[in-house]
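Asks: Below is a structure I'd like to ask you about.
The numbers here are math on the coordinates, done by the rules we state, and not lab data. Keep in mind the model is a prediction, meaning the values are calculated, not measured. So basically every Cβ, Gly included, is an ideal-geometry build from the backbone, and we count neighbours across all protein chains shown.
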Amino acid sequence: MLRDFAGLLASVKRGVLLARRVDYEYKYSDYSFSVADTAFYLKAPAGSQVVYFNPRPEEPLRPRVKRLVDPATLELEDGSYARVLVAYGFPASLPEGLLYTLYTEVSEAVLVFREVDKVKAVRMVETARRRRITSGSQGVTEAHEATALEELASRVLSGSSLFEFYLYFIVRDRDPKALHARANTLKSLLKGYGVDVDAPPLQRELYNLETCLGVICIEKHYADSESLKPLFPLISEELHNENGVFLGVSGTGSPVLLDVWSKPNLNFVIVGVTGSGKSMTAKVYLKRLRELDNKILYVGVDPESEYTRVAGLLGAQAVEIHENQRLGLDPIKLLRSGALELGQVADIVSEVYGGASYYGESTPLRNPT
């Protein structure tokens, strides 16, 4: 996924990637749950090829700015207040998934990026590298920065894209004092990662995503696609597949909705220690999946006969197999009935008789021992 994220930046080249918390009510039967989910939006030039992810095509619904209360606080039309904090200082390295750890504290996280021209990029990193190397200071920090610039120069010279970027956060609250406290909490959290943030006097423009790179007078930052991987925002531990099967409630109180047809792989496994509820989860899934679509066919192999009664309740046929019972399936009959295709039958015959051999024209085909 991190490699695909780097590919997304390189293919779009210029845009705004926004991650935001979305609150809504989910209802199942007579139950209602308050859900906080993460939605992602990409604002990119028309015609951009987004080949790795499926961001929401519509504009995010956001309350508009009513007025500027002070240089660092906005009042919005829905009666809430907002503050935009821009990151202006970064450490030499960041933990992967940094933004995800902040989603509970911020309303929106915004990454603005633009690819730098290749020739300009090579010249910039080479100049910075030489300046750092020839610096008279030999401190540990300077030496570390020189090494980082050396690695960055090597990647850019090898073809990696260099990006000019801004990272900022939008904090919202119904009360101005609570907003101030929330902003300070975010500052403290980011300070723990070595990231410095502050609220510049461009609150309205930043909130409205009017962030044309090179126009806003805030400090620019540069990194290649490899270095931007820690800012990968498309992370959510919640499982809210639209039209999915309701399995229960997570540890955060959020409903778990699973739709395997929305995944690249339709297979899934239920794991857990003895008595943790694996069988119950499977039964609940089958029951509720059938409620969503009663045309789905189930075929279960159950050595312990746990599902025989469940099969009857679902209107399915349970086939009991006993010890020493002679069984057999005729692949040719399955072919004629349309249950199998010719290629599948050929695979079965090849698997069963693949090791057989002939000892003469009159010698029958024998199964290998």
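Asks: Between segment 279-312 and segment 243-263, what is the C-alpha centre distance in whole Å?
Replies: First find each Cα centre; the distance between them is then 17 Å.
Asks: Let me ask you something else. Within 10 Å of each residue's Cβ, count the other Cβ atoms and sort Thr104, Thr185 from fewest upward.
Replies: Thr104, Thr185
Asks: Which of the following values of Rg and Dmax of the Cα atoms in Å was calculated from the structure shown: [x] 29.3, 99; [y] 20.1, 65; [z] 19.6, 60?
Replies: [x]
Asks: Would you list Leu239, Leu231 from fewest to most Cβ contacts within 10 Å? Each step should come with its number before you reach the end.
Replies: Details: Leu239 15, Leu231 22.
Ranked by crowding around the Cβ, least crowded first: Leu239, Leu231.
Asks: Stretch Ser279-Leu313 to full length: gain in nm at 0.36 nm per residue minus the Cα-Cα span?
Replies: Details: separation 34, 0.36 × 34 = 12.24 nm, distance 1.59 nm.
Contour length minus the Cα-Cα distance gives 10.7 nm.
Asks: Then there is this: Going by how many other beta carbons lie within 10 Å of each one, how would you line up Ser337, Ser160, fewest first?
Replies: Ser337, Ser160
Asks: Using the Cα centre of the chain as origin and beta-carbon charges of +1 (Lys, Arg) and -1 (Asp, Glu), tell me which of Gly244, Pro230, Val197 is placed farthest towards the positive end of the dipole.
Replies: Val197
Asks: Here is a follow-up. What FRET efficiency comes out for Lys263 versus Lys120 if R0 is 41 angstrom and r is the Cβ-Cβ distance? Round to the nearest 0.05.
Replies: FRET efficiency, Lys263 to Lys120: 0.50.
Asks: In addition: Could you work out the relative contact order of segment 245-327? I mean the mean sequence separation of Cα pairs under 8 Å and 6+ apart, divided by the number of residues, in percent. Don't skip to the answer; put the middle values down first.
Replies: On the way: 42 pairs, mean separation 16.6, N = 83.
That works out to 20 percent.
Asks: Pairs Lys66/Lys220; Lys43/Lys177; Lys263/Lys295; Lys283/Lys333; Lys177/Lys229; Lys220/Lys263: which exceed 27 Å Cα-Cα?
Replies: Over 27 Å apart, Cα to Cα: Lys66/Lys220; Lys43/Lys177; Lys283/Lys333; Lys177/Lys229; Lys220/Lys263.
Asks: In nm, what is the difference between 0.36 nm times the number of residues separating Ile348 and His221 and their Cα-Cα distance?
Replies: 39.7 nm
Asks: Still on this model: Mind giving me the nanometre distance, one decimal, between the label points for Leu76 and Ala128, set 7 Å out from Cα along Cα→Cβ?
Replies: Each label point lies 7 Å from its Cα, and together they span 3.3 nm.
Asks: Run the simple label-point estimate for Asn324 and Val65 please: 7 Å along Cα→C-beta, distance reported in nm.
Replies: Distance between the two pseudo-spin positions: 8.5 nm.
Asks: Near Val260, within a Cβ-to-Cβ distance under 15 Å, what is the net charge of the other residues, with Lys and Arg +1 and Asp and Glu -1? Could the numbers behind the result be given before it?
Replies: Values: positive: Lys263, Arg288, Arg290; negative: Glu242, Asp259, Asp293.
Net charge in that neighbourhood comes out at 0.
Asks: Take the chain, connect every pair of alpha-carbon atoms lying under 10 Å apart with a spring to form a Gaussian network, then pick out the residue of Tyr298, Tyr103, Tyr26 with the largest mean-square fluctuation.
Replies: Result for the chain, Cα springs under 10 Å: Tyr298 fluctuates most.
Asks: Moving to a separate point now. Work out, step by step, the length gained on full extension between Ser305 and Asp4: first 0.36 nm times the residue separation, then minus their alpha carbon distance; give nm to one decimal. Each step should come with its number before you reach the end.
Replies: Values: separation 301, 0.36 × 301 = 108.36 nm, distance 4.43 nm.
Net length gain for the segment: 103.9 nm.
Asks: Got the relative contact order for segment 171-307 handy, in percent, Cα pairs under 8 Å and 6 or more residues apart?
Replies: 11
Asks: Check the straight Cα-Cα distances from Lys287 and name the aspartates and glutamates below 16 Å, setting aside those fewer than 8 residues away within the same chain.
Replies: By straight Cα distance, Lys287 reaches Asp259, Glu306.
Asks: OK, next. Set Lys and Arg Cβ to +1 and Asp and Glu Cβ to -1, take the dipole of the chain about its Cα centre, and tell me which of Tyr307, Val110, Ala346 lies farthest positive.
Replies: Value computed over the given set: Val110.
Asks: A further question follows. Relative contact order (percent) for the chain, with alpha-carbon contacts under 8 angstrom and 6 or more residues of separation?
Replies: On the way: 485 pairs, mean separation 63.2, N = 369.
Relative contact order for the chain comes out at 17 percent.
Asks: What FRET efficiency do you get for Ser236 and Ile332 if R0 is 41 Å and r is their Cβ-Cβ distance, rounded to the nearest 0.05? Before the final figure, lay out the partial values.
Replies: Values: r = 49 Å, r/R0 = 1.20.
Once rounded, the FRET efficiency stands at 0.25.
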